[in-house]
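Nothing in this text is a laboratory measurement; each read-out follows from the coordinates by a stated rule. Here the structure is a predicted model, which is why all the values come from computation and not from measurement. Positions of Cβ are backbone-derived with ideal geometry, glycine not excepted, and every protein chain shown enters the neighbour counts.
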Amino acid sequence: MPGHPVFAALYDLCQRPAARILDPWRHRVAGGAEGRVLEVGVGTGLNLPFYPMDRVVRLVGLEPDPHMGRRAAARARRLGLPLELVAAPAEEIPFASGSFDTVVATHVFCTVVDPRRALAEVFRVLRPGGMFRFLEHVRASDERAARWQDRLTPVWRRVAAGCHPNRPTAEEIEAAGFLLDELEHFDMPGAGLAKPHIWGVARRPGPTEPGGGQE
Ligand SMILES: C[S@@+](CC[C@H](N)C(=O)[O-])C[C@H]1O[C@@H](n2cnc3c(N)ncnc32)[C@H](O)[C@@H]1O
């Protein structure tokens, strides 16, 4: 996924005004990470300041776009964080099953090419009982709004680097076998077609729970 240096720079620039609203959510998502942590689609590293490094023993960032990844690496250096950057898509995570205690994703599952495959990979690389912490925008629950999202997605994804505003990500997380421990819907001002937002914590079932041990 080659991306473009201008898009990566623009992404950082455009996220600056949103930081006041988004940062508390980033804090909630990344701030609860612990142990061996994988962030998929780490982008330019906007979640990095929020990781509790006293509880994180390993921090890996997966990012297929080298221009975004370069910015994440630079941000990690500025923050003095030992980020291991891996250039790979969420659909093919190059780690063994059960390698992580926490997986984090913010605004990624709207963009991945194959969300089901990517979620199956997140499930696989988490240890049984491990947490998947996420912040995403999803398909509207109002049918009329959802139909508009369907109509406008072909154009939207072209101008917004592959973003699909019409994906039912919470349902897909459950369908991948996760148990949803926390899920909250909220609206973000100025999000346009990309709403509502969700944040949540899903868990790969432990060995004694229904669905535990499967891959
Ligand atoms: C909207 S940006 C979000 C970046 C970052 N997570 C954040 O919250 O600022 C989407 C990110 O997902 C990455 N991405 C796109 N397709 C992906 C895939 N198949 N697997 C993993 N990451 C992907 C993009 O390169 C980009 O960095």
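In this rough spin-label picture, where each label sits 7 Å from Cα along the Cβ direction, the His185-Arg147 distance is 1.8 nm. The order of Thr208, Thr106, going from fewest to most other C-beta atoms within 10 Å of their C-beta, is Thr208, Thr106.
Of the DSSP H helices in the chain, those that are both long (alpha-carbon extent of 18 Å or more along the helix axis) and hydrophobic (Kyte-Doolittle mean at least -1.0) are 5-30. Backbone amide hydrogens, once placed in the peptide plane, bring Leu85 within less than 5 Å of Gly61, excluding anything fewer than 5 places away on its chain. Using a Gaussian network model of the chain in which every pair of alpha carbons under 10 angstrom is joined by a spring, one finds that among Arg144, Arg71, Arg157 the greatest mean-square fluctuation is at Arg144.
Secondary-structure-derived ellipticity at 222 nm for the chain, considering helices only, amounts to -11500 deg cm²/dmol, per-run term -39500 (n - 2.57) for DSSP H runs with n ≥ 4.
Note that the stretch 5-203, at 25 °C in a medium of 0.890 mPa s, gets a Stokes-Einstein diffusion coefficient of 146 µm²/s from its Kirkwood radius over C-alpha pairs.
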